[in-house]
Amino acid sequence: MGYAGDVPGIEFDLGIKTLERWLLKPEKTMNISLGIPRERVNDERRVALSPAGVKILTENGMRVMIEHNAGSASNFSNEEYAEAGAQITSSTEELYHESNVIVKVTPPQPDEAHLFRPGHMLLSALHLGALNRSLIKVFLDKKITALGFEFIQTRDGDLPIVRTLSEIAGSLAIQTAAKYLETGYGGSGILLGGIAGVPPAHITIIGAGTVGMFAAQDALGLGAQVTVIDKEINRLRRFEAFFNRHIVTAIANDHYIAELARVSDVMIGALSPKQKFIKPIVSEEVVRTMRRGSVIIDVSIDQGACFETSRHTTHTNPIFVKHGVTHYCVPNIPSAVAKTATFALTNTLLPFVMKLNARDTITDILWNSHSLRKGTYTFRGYVTKKNLAELTGLPFREIDMLLAAG
C-alpha cells in the first residue's frame, strides 16, 4: 500500500482540502468562565489577577467573575474590576458554580473543598510544605484538573511564576532581616550595611537560586558581607561570575553550615522547589550556636523548612524567638507588598490563562501546552506528580500517558 505522497498530485490535493476545512470551519475553543475568589488564608493580601489583567481576558472573550472585595487588600476596588468587564459576586458558592476555571493565589483550604464541581480546573500555588492530603483526595474524587504555580515550566526549564514571586521574596528577605536586627525588635542592634569604621552585618544565604540571587543583590547593595552556600558547584560558579566575586561561596555541607552559623547575623533559607530536600538542612543544634539577636528568614517554609527550628508564621504574627534567634517563617512573603506582587503575578500568569481559550477541551489544552502540562498535578482522578503521590500515598499516573489514552 502506498502513501498519498507516492501518487503525484494527491498530497497537494489533501493539503488544499485540509486548508479549506480549516478556513471554512474555525477551530472550536473552550468556553471559559473564570472565577477569582477572595483569599482567606494566612493574611493573604494578594489577588490572582489585577483589573488590567481581567480587562485583557474579557476583551478576548472570557467571562470573568470575581468575589466581592477580592482585590481590596491589594488596593484594587470592585469598581475597577467592574470597569474591566468582570462580574462582581458576593456569593462564593455562586462564583464556583458559575465558573469552570478557578484562579487563586494560595492553595484551597479544606473548608473550600465542597465548592469544587466535577470537571473544574484550578490554577493556584500548591505549597508542598503545608500539603493537605484530604484536599488532594477530593480533587481525585471530583476529577479536578489542578495546576500548581510551582510546577508550571517552560521548555528551557524555567519556572516563570516561581521566579517572579521569588524575586520579590528575595528582596523582601533582606528588608525584613534589616528590620528584625534592630534593637527595638529584639535584634542584636546591627546595621545591615555598617558605616565607616564599623563592620557590616554578615549574611549567609542557603540556596543559589532566584531568591538567593535577589537577596544577595539587595544585601550587597546595602553594604553587607554575603556568603552563599549551595549543594551544586555550578550554581555557585554562576553566582561568583554574576557578582564579580563580591560574594563568598561555599558548598552546603554540615561543616560549612556549622561554621557560618556561628558568625552570621542573618541566615536566609532560599532553597528552590527544584532542590528537593526531605529534612531541614540546618539542624537545631546548629541554630543553638548562632549569636543572640541574630535572625533567620526561612523563605523555603512553604516547600518544607530549611531550618529544624522553623515553623509557619503569618503576617499578623510573623516572628518567634528560639534559642535567642528571631525566626521569620511566613510562607507568603510577597503578600507584604500585595499590589506589586499582584501586578507581577498577573504579568506572568496571564499568558498561561490565555492558552485556556485556544482549545476545545482540557485535554487539548494540556496536550498543546508544554508549560500547563508540566504544571498539572491532578488529572482524571490521578496524581500526576510522582513526588506528590509519594507524599500522599495516592494513585499516580504520568500526565502524558493519561492524555495519550484520550
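The values are calculated or read from the model by the stated rules, or taken from the named source; none is laboratory data. Nothing here was measured: the structure is a model prediction, and the numbers come from that model. When we count neighbours, we look across all protein chains shown, and the Cβ atoms used for this are built from the backbone with ideal geometry, even at glycine. Calculation scope for accessible area: heavy atoms of the full protein, side chains included, ligands and nucleic acids excluded. Shrake-Rupley method; radii C 1.70, N 1.55, O 1.52, S 1.80 Å.
Taking each residue of the stretch 344-372 that is within 15 Å of Gly61 (Cα to Cα) and acidic (Asp, Glu) and looking for partners that are open to solvent by 10 Å² or more (accessible area, probe 1.4 Å) and outside any helix (DSSP H, G or I) with beta-carbon atoms closer than 8 Å, six or more apart or interchain, yields Asp360/Glu27; Asp360/Lys28; Asp360/Thr29; Asp360/Met30.
Which is more than 25 Å from Leu128 (Cβ to Cβ) and aliphatic (A, V, I, L, M), of Ala201, Ala208?
Exactly one residue qualifies, and that residue is Ala201.
For the stretch 369-398, a tally of residues being open to solvent by less than 20 Å² (accessible area, probe 1.4 Å) and closer than 17 Å to Gly119 by Cβ returns 7.
Per-residue answers, yes or no, for (1) surrounded by 14 or more Cβ atoms within 10 Å (Cβ to Cβ); (2) β-branched (Val, Ile, Thr); (3) touching a residue at least 40 places away in the same chain (Cβ under 8 Å):
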site	(1), (2), (3)
Asn317	no, no, no
His323	yes, no, no
Thr326	yes, yes, yes
Ser335	yes, no, yes
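Has the stretch 294-311 got at least one residue that is among the acidic types (Asp, Glu), surrounded by fewer than 19 Cβ atoms within 10 Å (Cβ to Cβ) and farther than 17 Å from Gly129 by Cα?
So in the stretch 294-311, the residues among the acidic types (Asp, Glu) come out as 298, 302, 308.
Now narrow it down to the ones that are surrounded by fewer than 19 Cβ atoms within 10 Å (Cβ to Cβ): 308.
Narrowing further to those that are farther than 17 Å from Gly129 by Cα: none.
No: the stretch 294-311 contains no residue that is among the acidic types (Asp, Glu), surrounded by fewer than 19 Cβ atoms within 10 Å (Cβ to Cβ) and farther than 17 Å from Gly129 by Cα.
Restricting the search to the stretch 339-368, which residues are acidic (Asp, Glu) and surrounded by 15 or more Cβ atoms within 10 Å (Cβ to Cβ)? Walk me through how you get there before you give the answer.
Narrowing the stretch 339-368 to residues acidic (Asp, Glu): 360, 364.
Matches in the stretch 339-368: Asp364 only.
Of all the listed residues (Ala70, Ala48), the sole one being more than 13 Å from Leu349 (Cβ to Cβ), under 23 Å from the mean Cα position of the chain (by Cα), part of a loop (DSSP other than H, G, I, E, B) and small (Gly, Ala, Ser) is Ala70. Annotation note: of Ala130, Ala146, Ala201, Ala178, the sole residue that is under 17 Å from the mean Cα position of the chain (by Cα), open to solvent by less than 60 Å² (accessible area, probe 1.4 Å) and not polar (S, T, N, Q) is Ala146.
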